[in-house]
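Comments concern the structure below.
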Amino acid sequence: MLDPIKKNFHSFSTELVKEIETSATIHSFQAGTIIIRTGQYIKNTVLVISGKIKVYREDENGGEFFMYYLQPGQACAISMICATKNEKSQIMAKVIEDVELIMVPLPLMDKWMMQHRSWYEFVIDTYRSRFEEVLEVIDSIAFRAMDERLEFYLKRHAEVCGCKELKLSHQEIASELNTSREVISRLLKKMEQRGLVTLHRNNIELLK
């Protein structure tokens, strides 16, 4: 297990890496798997070795709002908070590319905060980066019109995948931006007319 830990979590000390190898476990999940559900108690936090996870906020009617991605070298700050406070999850996490995860039980999280400076700094940095990312989402909702929100959403996805061709359906985008498919289709068509995107049958290509 040492190589993938060192590769993805550069800041971890040698002592912490050895303890992870001894005490934590690695699990694999296929794309489409829900690994965290709204309302469940979280007993572990996850460190992503490979693949990608989407984190959503879910309303009472089953509507979904996209918050952020989890990629290799990252952990879910919200799940950490819920685990440490023994609270039910307020988010849903879905695998979008087959993943390998390191599962860290709650007792180890607490222990490492006291014993390993590199773990403490990693947790604090995770909280900070996720807070900044959530603030960006809030700003997008509060201060931008839907066409600007859509451009922000597409660019954000492109940055995560490192690509210009996004495999996103109009309905998927509409669900994650809490609007209708018709609105998204109309706005995408306008973006195409402005030369910002090219719409293909199964993907959206960003041009700028």
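Worth pointing out:
- When segment 97-108 is filtered for residues that are open to solvent by less than 60 Å² (accessible area, probe 1.4 Å) and either under 21 Å from Met67 (Cβ atoms) or touching a strand residue (DSSP E or B) at 6+ places or on another chain (Cβ under 6 Å) (or both), the ones remaining, listed by number, are Val99, Leu101, Ile102, Met103, Val104, Pro105.
- In the condition set (1) over 23 Å from Ala31 (Cα atoms); (2) not in a loop (DSSP other than H, G, I, E, B), Glu100 is compliant with all but (1).
- Where Tyr69 falls short, out of the listed (1) touching a His at 6+ places or on another chain (Cβ under 9 Å); (2) surrounded by fewer than 16 Cβ atoms within 10 Å (Cβ to Cβ); (3) under 25 Å from Ile141 (Cα atoms): (2)
- Of the helices (runs of 4 or more DSSP H) entirely within segment 123-208, those holding at least 1 residues that are in contact (Cβ under 8 Å) with a residue 24 or more places away in the chain and open to solvent by 60 Å² or more (accessible area, probe 1.4 Å) occupy 146-161, 181-193.
- Here is the figure for segment 13-35: residues that are open to solvent by less than 50 Å² (accessible area, probe 1.4 Å), β-branched (Val, Ile, Thr) and over 14 Å from Val104 (Cβ atoms) total 2.
- Meets criteria (of a type in the set (Lys, Arg) and open to solvent by 30 Å² or more (accessible area, probe 1.4 Å)) for Lys54: no
- When residues in segment 52-95 are screened for being in contact with a Gly (Cβ under 8 Å, 6 or more places away or on another chain), modelled with pLDDT of 85 or more and in a strand (DSSP E or B), 2 of them pass.
- Whichever residue in segment 36-51 is more than 15 Å from the chain's Cα centre (by Cα) and outside any loop (DSSP other than H, G, I, E, B) and, among such residues, is surrounded by the most Cβ atoms within 10 Å (Cβ to Cβ): Asn44
- Leu108, sole failed condition from (1) in contact with a Phe, Trp or Tyr (Cβ under 6 Å, 6 or more places away or on another chain); (2) in a helix (DSSP H, G or I); (3) not polar (S, T, N, Q): (1)
The values are calculated or read from the model by the stated rules, or taken from the named source; none is laboratory data. On a predicted model such as this, the values are computed, not experimentally measured, just so you know. For neighbour counting, all protein chains shown are included, and Cβ atoms are generated from backbone atoms with ideal geometry for every residue, glycine included. Remember, those area values only see protein heavy atoms, side chains included, never the ligands or the DNA or RNA. Shrake-Rupley method; radii C 1.70, N 1.55, O 1.52, S 1.80 Å.
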